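Undergrad: I'd like to ask you about the structure that follows.
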Amino acid sequence: MSIMRTSLQDGRFIRAKTIAFWDINACQIPDGLGAGVISESVNQTLMNMNYYGELCLRLYGDTDMDKLVPTYHTFDFCGLPHTTILEQILVDLYGDTLFNRGTQINMLLIVGDLSKDKAIIDAFSLLPKSGWVNVLVCQPSAVEAAVFSSEVQLPPWEKIVETAFAICEKKEKERVDYRKEIRRNTSQS
């Protein structure tokens with residue numbers, strides 16, 4: 001999937017904070033991963049797209065809390081029933097927009113199917129018109145992509161998860177290599 005670039009994706013947003021609104025029921029954390037490594041994967045994906053600002057993840061859902069271990073990225077968890085997740089995202093979205101008024105900010109929506117949620121689509125379509133909000137979207141590949149005016153489409157959710165598994169594999173290899181080096185240095189002395 002190619003990344004759609006728009007006129008609003010310019011130098012004003014490359015160092016701007018990114019607030020991600022993540023529906024963890026629609027875009028689930030797979031077994032073997034935690035929110036921390038997913039946040040690293042989202043951050044790496046954003047950096048590959050030339051977004052270098054702070055990442056703040058807002059997790060919404062009714063999931064197993066064991067997967068939500070602390071990370072070096074900021075994240076908040078809002079435990080909600082599935083039926084009210086998008087409504088709470090919309091409330092928080094407007095709150096963040098007002099709080100950050102006039103400051104360049106990236107708003108990232110990590111969600112499933114939005115085809116029947118006109119309020120979210122309308123909100124995310126209006127935000128870029130302010131001139132200080134850049135809209136980013138990540139959805140599973142099986143979902144028809146939501147169409148927002150002035151959006152930047154991230155790779156599909158599955159690619160974020162794939163990158164997260166690659167990050168875990170790399171860390172495990174580094175741990176194994178480090179242990180081998182320690183053993184080698186210990187046996188030589």
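The values are calculated or read from the model by the stated rules, or taken from the named source; none is laboratory data. Everything numeric in this text was worked out from a predicted model, so none of it was measured. Positions of Cβ are backbone-derived with ideal geometry, glycine not excepted, and every protein chain shown enters the neighbour counts. The accessibility values were calculated without ligands, DNA or RNA, using every heavy atom of the protein model including side chains. Shrake-Rupley method; radii C 1.70, N 1.55, O 1.52, S 1.80 Å.
Undergrad: Cβ contacts < 9 Å: first residue open to solvent by 80 Å² or more (accessible area, probe 1.4 Å), restricted to the range 161-177; second residue at pLDDT 90 or above, any location; separation 6+ or different chain. Result?
TA: Between residues of the range 161-177 that are open to solvent by 80 Å² or more (accessible area, probe 1.4 Å) and residues that are at pLDDT 90 or above, the close pairs are GLU162/SER41.
Undergrad: Is one or more of the residues making up the range 51-72 modelled with pLDDT of 90 or more, in contact with a His (Cβ under 7 Å, 6 or more places away or on another chain) and open to solvent by 10 Å² or more (accessible area, probe 1.4 Å)?
TA: Checking the range 51-72: not a single residue is modelled with pLDDT of 90 or more, in contact with a His (Cβ under 7 Å, 6 or more places away or on another chain) and open to solvent by 10 Å² or more (accessible area, probe 1.4 Å).
Undergrad: In this structure, does LEU86 turn out to be at pLDDT below 85, within 16 Å of GLN139 (Cα to Cα) and more than 15 Å from the chain's Cα centre (by Cα)? Even if it seems obvious, please write down each step before you answer.
TA: Values: at pLDDT below 85: yes; within 16 Å of GLN139 (Cα to Cα): yes; more than 15 Å from the chain's Cα centre (by Cα): yes.
Yes.
Undergrad: Could you tell me how many of the residues in the range 26-49 are under 23 Å from GLN88 (Cα atoms), open to solvent by 30 Å² or more (accessible area, probe 1.4 Å) and not small (Gly, Ala, Ser)?
TA: Result for the range 26-49: 1.
Undergrad: In the range 132-154, which residues are at pLDDT below 80 and of a type outside the set (A, V, I, L, M)? Show your work before the answer.
TA: Step one: list which residues in the range 132-154 are at pLDDT below 80, which gives 144-153.
Result: GLU144, PHE148, SER149, SER150, GLU151, GLN153.
Undergrad: Here's a follow-up. Examine the range 104-118 for a residue that is farther than 17 Å from PHE13 by Cα, assigned to a helix (DSSP H, G or I) and out of contact with any Lys or Arg (no Cβ under 8 Å at 6 or more places or on another chain), and state whether such a residue exists.
TA: yes
Undergrad: I've got another one for you. Of everything in the range 103-142, what is hydrophobic (A, V, I, L, M, F, W, C) and open to solvent by 60 Å² or more (accessible area, probe 1.4 Å)? Give them in sequence order. First the steps, then the outcome.
TA: Looking only at the range 103-142, we keep the residues that are hydrophobic (A, V, I, L, M, F, W, C), and these are 105, 107-111, 114, 119-121, 123-124, 126-127, 132-133, 135-138, 142.
Selection gives LEU126, ALA142.
Undergrad: Which one of the conditions (1) open to solvent by 40 Å² or more (accessible area, probe 1.4 Å); (2) under 15 Å from PHE21 (Cβ atoms); (3) of a type in the set (Phe, Trp, Tyr); (4) modelled with pLDDT of 85 or more does TRP157 fail to meet, given that it meets all the rest?
TA: (1)
Undergrad: Which count do you get for residues in the range 15-36 that are more than 13 Å from GLY112 (Cα to Cα) and at pLDDT 90 or above?
TA: Summing the residues that are more than 13 Å from GLY112 (Cα to Cα) and at pLDDT 90 or above in the range 15-36 gives 6.
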